[in-house]
Amino acid sequence: MNKALALTTLAAAMSASAQTELTVYTAVEAEDLQKYAERFNQDHPDIKINWVRDSTGVITARLLAEKENPQADVVWGLAGTSLLLLKNEDMLMPYAPEGLEALSPKFRDSDETPSWVGMDAWMAAICVNTVEAEKNELPMPGSWQDLTNPVYQGHVVMPNPNSSGTGFLDVSAWLQMMGEDDGWNFMDGLHQNISRYTHSGSKPCKMAASGETPIGVSFAFRGARLKEQGAPLELVFPEEGLGWEVEATAIVNGTDKLDAAQTLVDWSITRQAMEMYNEGYAIVGMPGVAQPIQHFPANAEELIIDNDFGWAASNREAILAEWARRYDTKSEAE
């Protein structure tokens, strides 16, 4: 090995060894994680992200189980209601990242020094396979209530809210929109038409795209991406309103890599990061950034309900227990 090559190799090795490694828990869609890390590393090559990814319910449960011995440094991409739950357990470190004033108030914890900051919002949608719907002579639904029509019996798949953040945002939204009694009555009717409850929020739409089910209750991002890839899907945005959830970032209390964690949280709310989120999400945390997304409604922000995240977080355990008591017999095996 010549001297110049040896020096280059040594420099590369020193650079790699100088990297700070952050363990980052996330529920972000798996295919986006490499992109998120690469974009961040373009600005901060000295910090390496080690992802731990699962569905919202699983990541939330894991964080709670690790409360006395935290394994994560940062949560980058988890439901705001989950982060409120963790905040109430004193598991998050309050931090006001650089650029906080540019965020919409809906996309940050309400404390003066917030415990979490928002990235984007994902919203509910119904994915309908037009080929399968025609084959089964199913009318195109236009509302949530339509899905209780007996014509759809055995043709609807939706996520289990105990494991899926998408499932929980649906259930929470129905209870808020309809009132608790009418909300549970609606879900009783919907349950008659459900063929199974999945443990992933994107799976019902994937199943609709592949023809495994005519109708999947899922979220708009997944439906738009599959439709763009050529799946015979129609995305339906029910007229009563759409549940939605903030996808957010926070520092885990107890991290011994605070500087690197703060650097990541700072970057997570930059305009550059918001533009990256907007590649898949129609609503992002910084006003004036979002451009229209293909296959999303142009008035996406007008369709989402006035979501009471505090109510959803404080009632989460009771809602999930009641849902499981009523409907868990149709959940797929984990």
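Within a straight-line Cα-Cα reach of under 16 Å, residue 87 can be paired with the following aspartates and glutamates, leaving aside sequence neighbours fewer than 8 residues apart in one chain: 66, 68, 73, 109, 111, 112, 247, 317. The alpha-carbon of residue 257 sits under 16 angstrom from the alpha-carbons of these lysines, leaving out residues fewer than 8 places away in its chain: 48. Per residue, the range 208-258 exposes 32 Å² of solvent-accessible protein surface, assessed with a 1.4 angstrom probe and all protein chains in place. Taking all protein chains together and rolling a 1.4 Å probe, residue 295 ends up with roughly 60 Å² accessible. Figure note: 135, 206 ranked by solvent-accessible area, largest first, 1.4 Å probe, ligands and nucleic acids not counted: 135, 206. Remark: accessible surface ordering of 245, 334 (largest first) is 334, 245, probe radius 1.4 Å. Build a GNM of the chain with springs between Cα atoms under 10 Å: which of 109, 181, 266 gets the top mean-square fluctuation? Taking springs between Cα atoms under 10 Å, the residue moving most is 181.
Where only DSSP H runs of four or more residues are counted, the chain gives -12500 deg cm²/dmol as its mean residue ellipticity at 222 nm, each run worth -39500 (n - 2.57). Counting Cα-Cα pairs of the range 102-256 in 10 Å increments starting at 0 gives whole-percent bin shares of 11, 38, 30, 14, 6, 1.
In this structure, the pairs whose alpha-carbon distance is over 26 Å, taken from 35/227; 135/227; 203/227; 35/206; 106/206, are 106/206. The residues of the range 136-175 expose, per residue, 30 Å² of accessible area to a 1.4 Å probe.
To put it simply, the accessible area of the chain at a 1.4 Å probe is 47 percent carbon and sulfur. Exposure check, 1.4 Å probe, all protein chains in place: residue 263 carries approximately 40 Å² of accessible surface.
Accessible surface calculations at 1.4 Å, restricted to protein heavy atoms, place the range 19-123 at 43 Å² per residue. Across every pair of non-identical alpha carbons in the range 51-177, the mean reciprocal distance, once inverted, gives a Kirkwood radius of 17.3 Å. Could you tell me which label, among [x] 16.2; [y] 17.5; [z] 19.0, carries the value of mean projected area of the Cα convex hull in nm² calculated for this structure? Matching the structure shown: [z]. Cα gyration tensor of the range 233-326, axes a ≥ b ≥ c as square roots of the eigenvalues: rounded (a/c below 1.5), prolate (a/b > b/c) or oblate? Oblate shape, in that a/c is at least 1.5 and b/c is the bigger or equal ratio.
The values are calculated or read from the model by the stated rules, or taken from the named source; none is laboratory data. Quick caveat: nothing in here was measured; it's all calculated off a predicted structure. Just so you know, the surface numbers come from the protein's heavy atoms only, side chains and all, with ligands and any DNA or RNA stripped out. Shrake-Rupley method; radii C 1.70, N 1.55, O 1.52, S 1.80 Å.
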